[in-house]
Amino acid sequence: MNNKKELTLNDLAALIEIKGTETKKDLAAMETRIGKKIDSSIEELARMTAKGFAGVDKKFDAVDKRFDKVEGGLENLEKDVKLIKLDVEDVKLRLDNVAHRFELQEMERKFEKRFRILEMKAGIKYVG
């Protein structure tokens, strides 16, 4: 006797249905595993991105502090320049007065010399 049974179309359909169900279950399980891996990867990427932004924030804070220092230094320099300008103006005024006094002293010497000559010609004695 031959133990081999002939496959009928119904037998073949049943096998395809069983294999199809198993394949669907395998695909669903595989989809779940892949989905979990994708979710895990996305979460890891989000953590890495957040960590990177936190580092950038710290750097910006440091840069802001440095700019604040620079701005403070510039404000002090501006004040110092204003004071120096006032001092220079004061020195100019003093030098102008010194030059003016020097000119007056020079004129006084010239006039004294001329007066002495005139006094001598007029016979007046200089009492100084």
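A few notes on this one:
- Qualifying residue in the stretch 42-62 (condition: under 45 Å from the mean Cα position of the chain (by Cα) and of a type in the set (S, T, N, Q)): yes
- Meets criteria (modelled with pLDDT under 90, surrounded by 10 or more Cβ atoms within 10 Å (Cβ to Cβ) and in a helix (DSSP H, G or I)) for Val88: no
- In the stretch 91-128, residue farthest from the chain's Cα centre (by Cα) [restricted to those that are among the β-branched types (Val, Ile, Thr) and part of a loop (DSSP other than H, G, I, E, B)]: Ile124
- Selection status of Thr32, out of contact with any helix residue (DSSP H, G or I) (no Cβ under 8 Å at 6 or more places or on another chain), at pLDDT 80 or above and assigned to a helix (DSSP H, G or I): yes
The values are calculated or read from the model by the stated rules, or taken from the named source; none is laboratory data. For clarity, every value in this text was computed on a predicted model and none was experimentally measured. Cβ sites come from the backbone with ideal geometry, for glycine too, and all protein chains shown count toward neighbours.
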